[in-house]
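Working notes, beginning with the structure itself.
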Amino acid sequence: MIYTGKAHKVGEHIDTDAIIPAPFLVSTDPLELGKNCMAGLTPGWVKRVKAGDIIVAGENFGCGSSREHAPLAILGAGIPVVVAASFARIFYRNGFNMGLTLLEVGDQVARIKDGDELSVDTGRGVIKNLTSGEEIVCQPVPHSMQAILDAGGLVNYVKARLAAPEARA
Amino acid sequence: MGHTLAEKIIARHTDEAVTGPGQIVRCKVSLVLANDITAPLAAKSFRAMGAKKVFDTARVALIMDHFTPNKDVASAEQVRGVREFAREFGIEKYVEGGDCGVEHALLPEKGWVGPGDVVVGADSHTCTYGALGAFATGMGSTDIAAAMALGETWFKVPPTIRVEITGTLAPFVGAKDLILMTIARTGVAGATYKALEFGGPVVEGLSVEGRMTMANMAIEAGGKAGLFAADAKTLAYCAAAGRSGDELIAPDEGAAYEEILRIDVTGKSPVVACPHLPDNVRPVEEMADVVIHQSVIGSCTNGRIEDLREAAAVLKGRKAAPDVRLIVLPATPAIWRAAMHEGLFDIFLDAGAVVGPPTCGPCLGGHMGILAKGERAVATTNRNFKGRMGHLESEVYLASPAVAAASAVTGRITHPKDL
């Protein structure tokens, strides 16, 4: 899968309270949550985002609570991919489960500036910085995670498993 | 080769041979948990999966503790939705109202979790049950929905950081300080994807409640689990909670640890985690100039009876400073009742405290103690992220019940010995 969009840079240790503050957790609707994506970082942050844009973050993106509302808010804001130096564990599972693609790039994240246009090839693990002309190579999305993404998220993945003849439920 | 606690517990719940860190295993779960914020999404995913029943109606716990007593119409609607889901699928451990307490205090108290269990919860502080020798970890709602349907989940077997704590604890230094000191050493991402395994004489000397305070905040180091051996104290705690058949569990001699972190507590002061990350830890004396407006004593970290006793011992015969709102939230109905019978409420009320119901409330900026712009709180809770307890320009300092109580009295962050 190749995604092309503008990079919106955020810092290190962006926690889930920053991604979607608790007062907004009275909804499970991605579009509703998306209206307040990153409101705990900068109120109104989402106004700068166009559908297809990409979040580029530092270390430990998504730390803190287990709220799945965080990847939902990002998807609801129209952002299909997050590139980060590294991700917090629960967020990493949640992202793929919800159908949000996550790529870890380590220190190379410094080679992307806010506002750069990116082309992200998730299958090959290549990020082209169309603004600077640089290319970042990283681990592609792991196969087990790609299987969940291909199914359209964990819901459909389990649905298929439950419907299979050897299903245990 | 010996195995870590994480490996030993996971091995009990999978058909695969557990070889070591990095291996992905399918694992049966002992209990699946969600709360009033995460269960609505889990229910939505569960239905969307086409699941017709939960794997075991006695092994799913839905605890309505975060925005309860319902703070507004939207939160009331969420709880109603979860109640209907619980009834439709015959879920026995659905808890709200006067039976309800903060999930991670309630489940151990009810005897619903114990040594050797694998527990997954749609709440990051599910790691609390590691204090009992359970492999317990937080996940998102849809992972939890899958576990509700299948009775199993997948894990990557984590590498383990062994934390060995030695030395002599000074007065007013306890479990909260120990875990904050640990997080200061690892950093907030230092244990990402890893298990923390706590041991050493200081840890063995802690009560089970103190161990829960520590295991609870393993996630604040990025940890997947925070584990303790189940010893005689654990078994006594579990028996008192009405469980039977629990067994001792300990890591093997010669277990392979990724790292051994040694902390000597001799001569250490109580500590405070300053805004806006839990690893921003300083000795309490260094923070004496910080003026506070609110002190919160409660939460899944420090809302148990021992915590309330610790706060009451400091507050006895004293009053909170006039400009400080002191809020005490016992974490469960049983803790509430015990505090009432022990006379702790008289001490709190005489000190000018508000004693509220069991709820997560202010910890996550939900309700029952929200901060205005520019306000500062000292809290016995677990996160001090920007805006966590209210306005984006408010601040939270994490500390023990004794320090939170002493700070309420002076209106500044205070070492209890200085009162």
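Just so it is clear, none of the values below were taken in a lab; they were calculated from the coordinates. All figures in this text were calculated on a predicted structure; none of them were measured in a lab. Note: ideal-geometry Cβ built from the backbone for every residue, glycine included; neighbour counts use all protein chains shown.
Most exposed first by the Cβ proxy, i.e. fewest other Cβ within 10 Å, how do B:Arg309, B:Arg162 rank?
If I rank by nearby Cβ atoms, fewest first, I get B:Arg309, B:Arg162.
Sorting check: for B:87-97, B:268-278, A:42-52, A:57-67, which peptide has the highest mean count of neighbouring beta carbons within 10 Å, and how do the rest follow?
The packing order, highest mean first, is A:57-67, B:268-278, B:87-97, A:42-52.
Let me know the volume per residue of the alpha-carbon convex hull for the stretch A:71-167, in Å³.
That works out to 102 Å³ per residue.
So, in nm, how far is label A:Asn156 from label B:Thr19 when the simple model puts each one 7 Å beyond its Cα toward the Cβ?
About 3.3 nm separates the two model spin labels.
Rounded, prolate or oblate for chain A? Axes are the square roots of the Cα gyration tensor eigenvalues, ordered a ≥ b ≥ c, and the cut-off for rounded is a/c under 1.5.
Cα axes put chain A in the oblate bin.
Starting from the stretch B:45-84, pick out the trypsin sites (Lys or Arg not before Pro) whose DSSP state is loop and whose Cβ has at most 16 other Cβ atoms within 10 Å.
Here the trypsin sites (Lys or Arg not before Pro) that fit, given the DSSP loop and packing criteria, are B:Lys52, B:Lys53.
Indicate the gyration tensor shape class of the stretch A:77-119 (rounded, prolate or oblate), computed on the Cα atoms with a ≥ b ≥ c the square roots of the eigenvalues: a/c under 1.5 is rounded; otherwise a/b larger than b/c is prolate and the rest oblate.
Oblate shape, in that a/c is at least 1.5 and b/c is the bigger or equal ratio.
Can you give the relative contact order of chain B as a percent, counting alpha carbon pairs under 8 Å and 6+ residues apart?
Relative contact order, chain B: 17 percent.
Packing-wise, with mean Cβ within 10 Å as the measure, how do A:74-82, B:14-22 rank, highest first?
A:74-82, B:14-22
So, in nm, how far is label B:Arg87 from label B:Lys233 when the simple model puts each one 7 Å beyond its Cα toward the Cβ?
Going by the 7 Å Cα→Cβ label model, 4.4 nm.
If we count other beta carbons within 10 Å of each Cβ, what is the order of A:Phe24, B:Phe348, fewest first?
Fewest to most other Cβ atoms nearby, the residues stand as A:Phe24, B:Phe348.
Nearest-5 percent of antiparallel DSSP beta bridges in the stretch A:2-163?
Antiparallel bridges make up about 50 percent of those DSSP assigns within the stretch A:2-163.
Run the quick spin-label model on B:Ala58 and B:Leu248: label points 7 Å from Cα toward the beta carbon, then report their separation in nm to one decimal.
2.8
In whole angstrom, note down how far apart the Cα centers of the stretch A:111-148 and the stretch B:62-103 are.
After rounding, the separation between the Cα centres reads 42 Å.
For the protein assembly as shown, evaluate the Debye formula with one uniform point scatterer on each Cα (no solvent term) and list log10 I(q)/I(0) at q = 0.06, 0.07, 0.10 Å⁻¹, rounded to two decimals.
-0.28, -0.38, -0.81
Average partner chain C-beta neighbours within 10 Å, per residue of A:33-44?
Per residue, the number of nearby Cβ atoms from other chains is 1 on average.
Post the alpha-carbon centroid distance, the stretch B:306-355 to the stretch A:10-89, in whole angstrom.
Using only Cα atoms to place each centre, the spacing works out to 37 Å.
I need the shape label for chain B. Rule: rounded when a/c is under 1.5, else prolate if a/b > b/c, else oblate, with a, b, c from the alpha carbon gyration tensor.
oblate
Which loop-located GluC sites (Glu not before Pro) does the stretch B:185-263 contain, where loop means any DSSP state but H, G, I, E or B and the Cβ has at most 16 other Cβ atoms within 10 Å?
Answer by residue number: B:Glu247, B:Glu253, B:Glu258.
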